1. Could you check, for segment 240-252, whether at least one of its residues is assigned to a helix (DSSP H, G or I), in contact with a strand residue (DSSP E or B) (Cβ under 7 Å, 6 or more places away or on another chain) and not small (Gly, Ala, Ser)?
2. Among Gly276, Gly244, which is touching a Pro at 6+ places or on another chain (Cβ under 8 Å) and more than 15 Å from Val342 (Cβ to Cβ)?
3. Within segment 159-171, can one find any residue that is among the β-branched types (Val, Ile, Thr) and loosely packed, with under 15 Cβ neighbours inside 10 Å?
4. Within segment 304-316, is even one residue in a helix (DSSP H, G or I), modelled with pLDDT of 95 or more and surrounded by 15 or more Cβ atoms within 10 Å (Cβ to Cβ)?
5. Are any residues in segment 114-159 within 18 Å of Pro297 (Cβ to Cβ) and either of a type in the set (Val, Ile, Thr) or assigned to a strand (DSSP E or B) (or both), and if so, which ones?
6. Considering Ala190, Ala181, Ala214, which residue is more than 19 Å from the chain's Cα centre (by Cα), more than 22 Å from Leu304 (Cβ to Cβ) and crowded, with 17+ Cβ neighbours inside 10 Å?
7. Within segment 85-116, count every residue that is free of Cβ contacts under 8 Å to residues at least 24 places away in the same chain and buried (at least 22 other Cβ atoms within 10 Å of the Cβ).
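The values are calculated or read from the model by the stated rules, or taken from the named source; none is laboratory data. Being a predicted model, the structure only gives us computed values, none of them experimental. Counting neighbours? That spans all protein chains shown, and the Cβs are built from the backbone with ideal geometry, glycine included.
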Amino acid sequence: MRVAVAVQRFGDGGVERVMTGLAGGLAALGCEVDLLVGRTAHPYVQALPDAVRVMPLGAGADALTAALRERPPQILFTGKLADDHAALAARDRLDAGIRVVTTVGTPLSVSLAAKRFNPLRTWRERRRVRRDYLRLDGITAVSSAVAEDLHQRLGITGVPLRVLPNPVVPADLDRRIGVQAPHAWLAPGAPPVVLAVGGLRKVKDFATLLRAFALLPADLGARLMILGEGRERRRLRALAARLGIVEHVAMPGFVADPFPYLARASAMVLSSRREGLGNVLVEAMAVGTPVAATACPGGVTELLDSGRLGPLTPVGDARALARAIAGLLQQPTPPKLLRAAVAPYGISVSAAAYLDFFQHLLARRAGQAP
């Protein structure tokens with residue numbers, strides 16, 4: 001099978017990690033994989049095996065059409081709304097039997113409602129997205145909550161849809177976490193570190209995490225480390241200063257491979273306002289690090305089994321989050337329980353599930369399956 005994975009605006013987020021993980025996983029299963037990206041120098045891309053053919057990609061449907069004309073795939077896989085739109089336009093222009101499949105990593109209705117549009121523009125954007133999605137050949141969702149949102153809130157029906165685990169946990173996990181401690185705070189014998197990972201954006205609500213950390217009992221001796229970069233950096237540093245915790249907070253910036261950090265942290269906390277799944281939760285659980293999270297719209301509650309695998313707190317509630325963090329530091333969740341829960345998110349296991357769905361879509365179009 002020939003698969004093209006397209007990400008025109010390639011950043012540091014979860015979509016990019018999923019797309020590159022899937023590209024590598026499908027290549028390992030024998031697929032011909034082209035990764036079409038607007039930023040080939042990114043660490044996620046450079047870490048891919050040679051079997052993945054990386055192709056630079058400009059912006060818009062014209063650039064994507066040109067790339068696909070050179071090597072038409074059977075499946076074109078996308079994960080961002082702009083890429084979905086460009087992919088559908090390219091498919092229609094080429095008329096080469098390409099199936100366009102997208103993955104949805106967040107509750108789309110919530111995401112669209114959160115944009116600062118006027119009501120008319122919001123209505124138009126929602127209608128455009130729904131029109132595009134009804135023209136797709138297939139959809140994958142990272143959680144049942146995301147899939148339900150597509151059905152109930154956006155009215156996406158009649159398009160084949162599967163809930164599939166993100167390809168997050170690499171086969172060489174033991175090697176990755178076996179490297180030297182990546183930060184002095186994570187050295188053996190150092191005080192406990194509470195870790196958070198994500199773009200410094202309002203949706204991640206690191207402000208609530210800072211307020212929660214400031215409420216932790218002093219005798220815990222904890223430190224807070226936030227991995228990520230974004231426009232909220234200055235505001236978050238200023239908040240840490242006002243809370244009097246600057247000396248106990250580190251913000252090293254974007255880290256391409258968080259596993260060495262996650263493996264040495266005492267707890268990992270997700271404070272998001274919404275989250276389709278939370279790849280970093282899966283990554284932390286894969287190395288046995290206890291997790292706490294907000295019960296935000298999306299698949300977090302599903303992933304943590306309604307709190308069985310880690311405490312869930314209301315969005316924006318700093319006091320509840322502080323209690324959850326303190327509880328994890330004093331009584332961590334058993335690592336064996338966490339690792340077992342995220343076994344389906346191994347890249348090889350997840351890629352096989354995606355490949356099965358792609359094969360189903362090809363057979364369905366050929367009339368060999370219902």
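1. Initial filter on segment 240-252 (assigned to a helix (DSSP H, G or I)): 240-243, 246-248.
If we keep only those that are in contact with a strand residue (DSSP E or B) (Cβ under 7 Å, 6 or more places away or on another chain) too, we end up with 240, 248.
When the remaining residues are screened for being not small (Gly, Ala, Ser), the result is 248.
Taking every residue of segment 240-252 in turn, at least one turns out to be assigned to a helix (DSSP H, G or I), in contact with a strand residue (DSSP E or B) (Cβ under 7 Å, 6 or more places away or on another chain) and not small (Gly, Ala, Ser).
2. Values: Gly244 fails: touching a Pro at 6+ places or on another chain (Cβ under 8 Å).
Only one candidate qualifies: Gly276.
3. Filtering segment 159-171 for residues among the β-branched types (Val, Ile, Thr) gives 159, 163, 168-169.
This time we only want the ones that are loosely packed, with under 15 Cβ neighbours inside 10 Å, so: none.
No - not one qualifying residue is present in segment 159-171.
4. No, that holds for no residue.
5. Thr122, Val129, Ala141, Val142, Val146, Ile156, listed by residue number.
6. Working: Ala190 fails: crowded, with 17+ Cβ neighbours inside 10 Å; Ala181 fails: crowded, with 17+ Cβ neighbours inside 10 Å.
Criteria check complete, one pass: Ala214.
7. Matching residues across segment 85-116 total 1.
Results for (1) small (Gly, Ala, Ser); (2) touching a Lys or Arg at 6+ places or on another chain (Cβ under 9 Å); (3) closer than 30 Å to Ala145 by Cβ, shown as yes or no for each residue.
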{"position": "Val52", "(1), (2), (3)": "no, no, no"}
{"position": "Pro72", "(1), (2), (3)": "no, yes, no"}
{"position": "Ile75", "(1), (2), (3)": "no, yes, yes"}
{"position": "Ala87", "(1), (2), (3)": "yes, no, yes"}
{"position": "Ala90", "(1), (2), (3)": "yes, yes, no"}
{"position": "Asp95", "(1), (2), (3)": "no, no, no"}
{"position": "Ile98", "(1), (2), (3)": "no, yes, yes"}
{"position": "Leu108", "(1), (2), (3)": "no, yes, yes"}
